Structure formats: C-alpha cells, structure tokens
Amino acid sequence: MSSSEIRKKFLDYFAAHGHAVVPSSSLLPDDPSVLLTTAGMQQFKPYYTGEADPMVSPHPALKGVPLGKKNATSIQKCFRTSDIDEVGDDTHLTFFEMMGNFSFGGYFKKEAIKYVYEFIAKEMGLRVEYVTIFQGNESIPRDFESAEIWRLLNPAIEVREAGMEDNFWGPTGSRGPCGPTTEIYIKNAKGESVEIWNVVFNEYLCAGSREDLMSGFGDHTLEKLEVLGVDTGMGLERLTMTVQQKATIFDTDLFAPLMDMLPERLDTRKKRIIADHCRGTAFLLSDGVRPSNKEAGYVLRRLMRRVMVYEYIYRQANPFDTLSVLEKVTSMYQQFYPELDWNVIYEETIKEKEKFEKSVARGLRELEKTTVIGTEAAFRLYETFGLPYEIIKELGGIKAEQLNRQDFDVRFKKHQEISRAGQEAKFGGHGLILDTGELRARDEEELKKVTRLHTATHLLQAGLRKVLGDSIHQDGSDITVERLRFDFNFDRKLTDEEIKQVEGWVNEIVKRDVPMGFTNMPFEKAKASGALYSNKEKYPAVVKVYSAQDHATGEVFTKELCGGPHVTHTGEVGVFKITKQEAVSAGVRRIRAIVEG
C-alpha cells in the first residue's frame with residue numbers, strides 16, 4: 001500500500017464515520033505561543049477551549065465555512081525544531097505529517113478507542129501488540145474506563161499502565177486542553193514494539209504548558225472542561241514504514257525517491273539529513289517562511305544552509321544538486337498539498353545559495369587561521385563573516401571537535417532580542433506592562449510603538465477592503481515592537497499597484513489625523529452596526545467598538561470590535577509602509593508592515 005493510498009484510506013474511513021475532512025493548516029500557526037505548527041490539534045484548539053463552536057464558527061482552512069460537525073479529521077503538516085540535531089538516525093524528522101481524528105463533544109473514549117482499533121486491525125491489517133493507559137496519581141484517577149473498553153474490544157490485547165510523562169498530554173505552548181491518553185503499540189519490520197497512535201482524552205483545561213505538567217502541578221492548575229474532547233495523532237511516516245514492512249522511515253516511498261537521487265558514496269546519515277531538510281525547506285518556503293536570523297526564518301536557514309554545506313563540501317567527489325532534490329519533493333507531494341509552490345521554492349533557494357556562497361568565501365580563510373574553534377570563536381566567525389555553524393563544524397574538523405550546537409545557540413540567543421525557538425514571550429517573558437496575547441510591551445516606549453502598530457493594523461484592514469473589496473476579512477494578527485503581521489483571505493498575490501494603493505490610503509488617513517475613539521455597546525448591536533469582528537474570537541455581551549471618524553464630514557474610515565489600546569488620533573501612527581507580502585496557505589495571504597517617524 002503506497003503512502004498516498006494510506007492517506008486516502010485514513011480520511012475516507014473517518015469521513016464515513018461522521019467526521020468533517022479538514023485540509024492541513026499552515027506551518028505558521030495562529031497561536032502566538034508556538035513558533036511552528038507541531039501537532040494536528042492546533043488548528044482545532046478554539047473548539048476544545050469553547051472559544052469557537054464547530055457547528056457555526058467559520059474555519060480558516062475551510063475558507064470561512066464552519067465544520068458543521070462536532071467531529072473532524074485531518075492530515076496536518078507539522079514541524080518540530082527539537083529534533084533538528086537528531087535527524088540522521090533511523091527515526092527522527094523535522095517535517096512530518098500527522099494523521100488525526102478529533103471530537104469536540106461528539107464522542108469520547110468508547111468510540112475513539114473503537115475507531116482506532118478498527119482502523120489499525122481491519123483497515124490496515126496490523127496486529128495491536130499492546131496498549132498503555134494512564135495509571136493515575138494523587139490528583140487524577142487511573143483511567144479505568146479505557147482499560148475496560150480495550151478489554152471488551154479484544155481480551156487478548158495486553159493493557160499496560162504508565163505515568164504522567166507518557167500517558168498524560170498537555171497543551172503545546174501555553175494554556176490549553178489536556179488529559180489522559182491511551183497509546184497503541186505494534187511491531188515493526190525489525191520485530192520492535194513501536195508506538196503508532198496516541199489518543200488524548202481532553203477532560204481538563206491546563207493553565208500551563210506540557211513542561212509545567214512534567215514539573216508537577218496542583219489541583220488549582222486544572223479545570224474540568226465543559227465539553228469533553230478527543231485529540232489523536234499518528235505519524236504517517238511511521239505508519240507507512242510499518243505497513244510497507246520497511247526497516248526505517250527512510251526506506252518508505254515517502255523518502256526512497258529522494259534518497260535514490262543522492263550519490264551512493266555519500267553516507268546514509270547525510271543522505272537522510274538532506275532528504276529531511278529538503279522536505280522541510282519546501283514546505284516552510286511554500287507556507288510563507290523566509291530564511292532570516294530570527295524565529296521561524298532562522299530554523300529555515302539552518303535547514304537550507306546545512307544541505308548547502310554538504311553540496312559545497314562534496315561538490316567534487318560526490319556532487320548533488322539541492323534544487324533537484326527540492327523539485328522532486330514538490331512533484332512527490334504537490335498532489336496532496338497543492339500549496340507547494342515550485343516558483344517560490346526555486347527563487348528563494350537561489351537567493352539563499354548566493355548569500356551562502358559569499359559567506360563561505362569570506363570566512364574560510366579565517367577559519368583556517370583559527371587553531372581551536374570553541375563557542376566564542378565559532379560565533380565570531382558567524383557574526384563577522386556570516387559563516388554558518390554547520391560549515392564551521394564540518395570543515396573545522398578536529399579543531400571544532402568540542403563545538404556543539406547547544407552552546408552555539410545559547411550564545412546566539414544572547415545576541416538576539418527575540419528567541420529563535422519562541423520559548424519565551426516575544427518581549428523578554430517578564431516585566432510586561434502589557435500582555436494581550438497579540439500585543440506585549442515591557443515599558444512605556446514599547447507600549448507607544450505597539451499601540452501605533454495596532455491602530456495601523458485596523459487601518460490596513462480597512463485599506464485592503466477599500467482596494468480589494470468588502471469580502472476581505474482578518475485571518476490572524478501578531479504585533480511586535482518592530483512590525484505588524486496581518487493575515488487575510490485572498491486567493492492571489494497583490495500587484496505592486498495594489499500594494500501602493502493600500503499604503504497610500506492608510507497614509508492618507510494618517511495624514512488627515514482624524515480622532516480614534518471607542519463606544520461600548522451590546523455585541524449583537526455592534527455586529528448590526530457593521531463593525532468588523534473576528535470569527536475566531538469569543539466576545540463578551542458588551543464590547544468596545546473602535547472607530548476612526550472625521551466628525552466634520554461624518555466619514556468613518558475603520559470600525560472594529562477590539563479591546564485596544566489605540567492612538568487617540570490617526571496622525572500618531574506615523575508613516576505606514578508594507579515591507580513584505582507572502583502566502584500563508586491556500587486562500588490566505590500575509591502582509592508585514594512597519595510604521596516610521
């Protein structure tokens with residue numbers, strides 16, 4: 001059975017059992033507490049917490065149409081930065097596909113376990129070796145119910161118990177749903193028992209992250225959810241390896257065509273790194289990430305530069321072409337992920353290769369002069385000459401044997417105001433005088449800047465609607481002291497003229513310096529008044545409606561439901577400038593902009 005057939009079989013099975021089939025969301029998540037999408041449940045998080053209703057709330061991946069059901073299934077693009085340095089062994093990946101089924105009050109343990117067992121045993125023809133359940137602790141009881149369900153389904157299946165670390169799942173990032181899990185193990189081609197599927201029963205709302213759970217918590221950090229939920233995850237790569245009876249995931253049809261393109265004399269570990277990193281690169285670029293020195297862009301640059309290091313080092317004895325591998329990734333995956341954009345992948349890779357080659361030429365002579373390359377020496381080579389860590393490590397040889405990625409990243413973080421992994425809050429993680437989730441500020445100076453950018457976001461949406469039409473609506477927003485990021489529904493790239501018109505309209509309203517104020521009114525009345533609002537938000541009964549209005553003429557330029565803060569007059573915003581536009585996912589665009597002055 002091919003990986004394409006497995007994908008189809010999975011989605012068809014759950015569609016036949018009353019699940020809405022939902023496309024993958026972007027690798028760039030709406031949740032500002034995480035850097036990249038790491039799990040299939042992230043796009044459904046508002047349904048678990050009660051912030052959105054799956055029956056009526058529009059879903060971005062369905063182009064604004066509600067799920068219309070309390071159950072969903074998807075195959076989600078995921079990326080985990082924690083495994084970058086482990087790639088090259090038999091199991092670790094950065095980019096992977098997570099197959100999942102989800103329920104938001106539609107069903108719970110009995111049905112969830114039954115679906116899992118039927119799909120594995122009957123649809124895939126695999127034998128369940130054993131399962132695990134949560135053994136309980138002083139705060140949460142043992143999961144007796146799941147144990148009994150498994151026993152009734154098949155008395156021959158062994159049920160084992162495990163603790164918090166293995167069988168209690170917490171949220172990715174900050175506050176979110178959590179609960180006990182049951183995990184399913186089967187034997188692979190080597191005869192080893194491997195976890196194939198994890199089924200989470202969301203019974204609680206956790207005030208912290210998964211890391212908080214692991215470090216211990218009291219009852220006060222858990223609240224019982226009003227609506228019980230199911231969140232499952234199964235890696236396509238691991239399932240395909242088992243179904244195809246391959247020794248490793250790299251032997252499956254998800255990787256073999258890429259591995260076969262690489263020189264035979266190149267060692268297996270490097271081949272796996274190239275194949276994995278090219279997959280991740282293609283998907284990150286197509287979802288709007290661009291190589292840079294911070295956040296997701298830094299992760300992407302690490303992937304791209306590592307592959308380019310190998311291409312550079314082995315260009316004589318074992319040559320390969322990064323672009324050819326990326327093109328193969330695109331052709332292999334584009335049928336299921338039509339958002340893969342070869343033009344973008346090609347253009348951005350060419351740009352990065354040019355930068356990379358310049359950095360190599362400048363830094364190699366200095367590297368040769370350096371007798372011992374520790375963390376400080378490596379960082380100096382990076383900072384002064386742009387020489388990437390990967391090539392310092394590879395070409396430094398015995399001189400760099402004590403150099404490791406972890407120490408280098410610690411040193412790099414000291415150089416950055418913003419953590420590349422998104423583990424801390426965007427503005428230092430402490431001492432915040434403002435923290436709304438979308439906006440954070442440490443001091444009065446930062447508060448002024450994010451306030452100007454926040455108001456500019458309102459004007460930007462109004463300007464987009466003015467130029468592109470009233471069907472435009474917000475699909476996400478994030479603001480730092482440096483820039484604003486605004487996502488909106490639109491199915492093509494804006495022309496240079498359209499960008500110019502939007503900028504011009506916003507700056508005209510800024511120039512007119514009209515008052516910006518708010519009115520409190522009932523939510524339903526606010527909607528009826530024509531005020532814009534987000535379908536992703538859950539609003540209180542009484543809301544603030546912010547407007548920019550010329551009281552002399554009565555003309556209203558922007559009117560939105562919002563909690564603030566905002567400038568008092570549009571002239572305070574400053575000169576508005578769009579710095580970049582990019583694709584987020586099918587039908588969703590992203591604009592980044594700054595304000596100056």
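The values are calculated or read from the model by the stated rules, or taken from the named source; none is laboratory data. Model, not experiment: these values are computed from the prediction. Glycine gets a Cβ as well: all are built from the backbone with ideal geometry, and neighbour counts include every protein chain shown. Accessible surface areas use protein heavy atoms only, side chains included; no ligands, DNA or RNA. Shrake-Rupley method; radii C 1.70, N 1.55, O 1.52, S 1.80 Å.
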| request: Could you name the aspartates and glutamates whose alpha carbon sits less than 19 Å from that of Lys70, not counting residues in the same chain fewer than 8 places away? | output: Asp12, Glu51, Asp53, Glu111, Glu203, Glu226, Asp231, Glu537
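Largest first, how would Met164, Met261, Met516 line up by accessible area (1.4 Å probe)?
Details: Met164 35, Met261 80, Met516 15 Å².
Listed by decreasing accessible area, they come as Met261, Met164, Met516.
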| request: Express in whole angstrom the spacing between the alpha-carbon centres of region 532-570 and region 436-469. | output: 12 Å
| note | Too long for a 20 Å Cα-Cα cut-off, among Lys448/Lys527; Lys45/Lys527; Lys294/Lys351; Lys493/Lys538; Lys8/Lys187, are Lys448/Lys527; Lys45/Lys527; Lys493/Lys538; Lys8/Lys187
| task | With a 1.4 Å probe and every protein chain left in place, tell me how much accessible area Phe523 has, in Å² to the nearest 10. | result | 40 Å²
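If I take every Cα pair under 8 Å that is 6 or more residues apart in the chain, average their sequence separation and divide by the length, what percent do I get for the relative contact order? Write out the running numbers ahead of the final one.
Values: 1100 pairs, mean separation 64.9, N = 597.
The normalised contact order for the chain reaches 11 percent.
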| request: Excluding Met234 itself, calculate the net charge of residues whose Cβ lies under 14 Å from the Cβ of Met234, where each Lys or Arg counts +1 and each Asp or Glu counts -1. | output: -4
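At R0 = 22 Å, how high is the FRET efficiency between Asn154 and Lys9 if r is their beta carbon distance? Nearest 0.05 is fine.
Values: r = 21 Å, r/R0 = 0.96.
With a Förster radius of 22 Å, E is 0.55.
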| task | First compute the accessible area of the chain with a 1.4 Å probe, then give the percent of it belonging to carbon and sulfur atoms. | result | 48 percent
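Hey, if we sort Asp443, Asp550 by accessible area with the 1.4 Å probe, largest down, what's the order?
On the way: Asp443 70, Asp550 30 Å².
Heavy-atom accessible area, descending, gives Asp443, Asp550.
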| said: Looking at the calculated P(r) for region 58-105, what percent of the C-alpha pair distances fall above 16 Å? | reply: 57 percent
| Cα convex hull of region 490-597, projected area averaged across orientations, nm² | 8.0 nm²
| note | For region 104-116, Karplus-derived ³J(HN,Hα) couplings (6.51, -1.76, 1.60; θ = phi - 60°; whole Hz; x for glycine and proline) come out as 10, x, x, 8, 9, 4, 4, 5, 4, 5, 4, 4, 4
| request: Quick one: check the C-alpha center-to-center distance for region 271-333 versus region 87-109, whole angstrom. | output: 23 Å
| remark: Any residue on another chain or 5+ positions along whose placed amide H is under 5 Å from the amide H of Ser477 is listed here as Asp487
| request: Read phi for every residue in region 564-579 and hand back ³J(HN,Hα) as whole Hz from Karplus 6.51 cos²θ - 1.76 cosθ + 1.60, θ = phi - 60°, with x for Gly and Pro. | output: x, x, 9, 5, 8, 9, 4, x, 6, 5, x, 6, 8, 9, 7, 9
| request: Name the long-range amide H neighbours of Leu225: under 5 Å, sequence gap of 5 or more, or other chain; modelled H, no Pro or chain starts. | output: Tyr204, Leu205
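For Lys190, Lys449, Lys466, Lys511, what's the largest-to-smallest order of accessible area, 1.4 Å probe?
The ordering from most to least exposed comes out as Lys511, Lys466, Lys190, Lys449.
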| task | On the full set of protein chains, 1.4 Å probe, figure out the accessible area of Ser82 and give it in Å² to the nearest 10. | result | 90 Å²
| said: Give me, ordered by chain and number, the residues 5 or more places off Gly176 or on other chains with an amide H under 5 Å from its own placed amide H. | reply: Cys206, Gly208
| task | Could you size up the charge dipole of the chain around its Cα centre, putting +1 on the beta carbon of Lys and Arg and -1 on that of Asp and Glu, and report it in debye to the nearest 20? | result | 960 debye
| note | Taking only the alpha-carbon atoms of region 308-396, the convex hull volume per residue, in cubic angstrom, is 113 Å³
| Helix-derived mean residue ellipticity, 222 nm - over the chain, DSSP H n ≥ 4, -39500 (n - 2.57), to 500 | -11000 deg cm²/dmol
| Tail fraction, Cα-Cα pairs, the chain, threshold 32 Å, whole percent | 52 percent
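Exceeding 25 Å between C-alpha atoms, which entries from my cross-link table qualify? They are Lys500/Lys544; Lys328/Lys355; Lys466/Lys559; Lys69/Lys110; Lys63/Lys559.
On the way: Lys500/Lys544 31 Å; Lys328/Lys355 23 Å; Lys466/Lys559 13 Å; Lys69/Lys110 19 Å; Lys63/Lys559 23 Å.
Beyond 25 Å: Lys500/Lys544.
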| request: For region 344-359, take each phi angle, set θ = phi - 60°, evaluate the Karplus expression 6.51 cos²θ - 1.76 cosθ + 1.60, and give the result in whole Hz per residue in order, putting x for glycine and proline. | output: 5, 4, 5, 4, 5, 5, 4, 4, 5, 5, 5, 5, 4, 5, 5, 5
| Contour excess over end-to-end distance, with Cα ends at Thr568 and Tyr130 and 0.36 nm allotted per residue | 151.4 nm
| Lys500: accessible area at probe 1.4 Å, nearest 10 Å²? | 140 Å²
